[in-house]
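Reviewing the structure listed below.
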Amino acid sequence: MLELEFAGIRIQLPSNQPLLLLKHPERNLYLPLWIGAPEASAIAMSEQGLTPPRPMTHDLMINVFEALKVQLDRVEIVSVDNAIFTADLVLSNGVRVDSRSSDAVALAVRAQCPIMCTEEVLQTAGVVIETSTEEEPPEEQMREFREFLDNIDPEDFS
């Protein structure tokens, strides 16, 4: 298993489809996951430190874990088939729970636990983002990254 970092959520234009990006920290390799708007909103709210007045679904799950005296140790992205990713929630008591990858990442962001991925999934669906050998200003890197996002489609990973 390889640990990935949460790299953010982007909106792919013109479809306005949310795209969750995970990055392998030692490679220039990203794992893009198309997710629904509710999951994107839940992840973005948590990343920004916003707390709703009442618990949303992912907050509720964390509260249930706490009430049951278990923690979310890590999430594992374990398979991909036709651009559909499968994940497992791994709890502190050793129990594994099947999950959609978007829900797993939303929980991991809240619990601040590791996001793991199999080498096979990363090799199958990972995308290398080319960078030049010279140091580029951050604005240029962001421009290239946005251009990359504007030109990919879910079919690229099937």
**Complete:** Taking region 71-102 and keeping only residues that are out of contact with any strand residue (DSSP E or B) (no Cβ under 8 Å at 6 or more places or on another chain) and of a type outside the set (S, T, N, Q), one is left with D81, I84, G94, V95
**Complete:** Here the residues within region 55-105 that are charged (D, E, K, R), touching a helix residue (DSSP H, G or I) at 6+ places or on another chain (Cβ under 9 Å) and open to solvent by 70 Å² or more (accessible area, probe 1.4 Å) are R74, R100
**Fill in**
How many residues of region 47-66 are within 18 Å of I115 (Cβ to Cβ) and modelled with pLDDT under 85? The answer is 1
**Asked** Among V78, V97, V90, V70, which is the only one that is of a type in the set (V, I, T) and under 17 Å from G126 (Cβ atoms)?
**Response** V78
**Complete:** Here the residues within region 19-54 that are in contact (Cβ under 8 Å) with a residue 24 or more places away in the chain, among the hydrophobic types (A, V, I, L, M, F, W, C) and open to solvent by 30 Å² or more (accessible area, probe 1.4 Å) are W34, A44
**Residue check for P14: modelled with pLDDT under 90 and outside any helix (DSSP H, G or I)** = yes
**Complete:** Only unsatisfied item for L13, checking (1) open to solvent by less than 40 Å² (accessible area, probe 1.4 Å); (2) in contact (Cβ under 8 Å) with a residue 24 or more places away in the chain; (3) more than 24 Å from V121 (Cβ to Cβ), is (1)
**Prompt:** For region 59-106, how many residues meet the condition of being on the phi > 0 side of the Ramachandran plot and among the small types (G, A, S)?
**Reply:** 2
**Prompt:** Is there a residue being acidic (D, E), open to solvent by less than 60 Å² (accessible area, probe 1.4 Å) and modelled with pLDDT under 65 anywhere in region 114-136?
**Reply:** yes
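The values are calculated or read from the model by the stated rules, or taken from the named source; none is laboratory data. Since the model is a prediction, treat every value here as computed from it, not as a measurement. Cβ coordinates were reconstructed from backbone atoms using ideal geometry, including for glycine residues, and neighbour counts include every protein chain displayed. Keep in mind that these areas ignore ligands, DNA and RNA; they rest on the heavy atoms of the full protein, side chains included. Shrake-Rupley method; radii C 1.70, N 1.55, O 1.52, S 1.80 Å.
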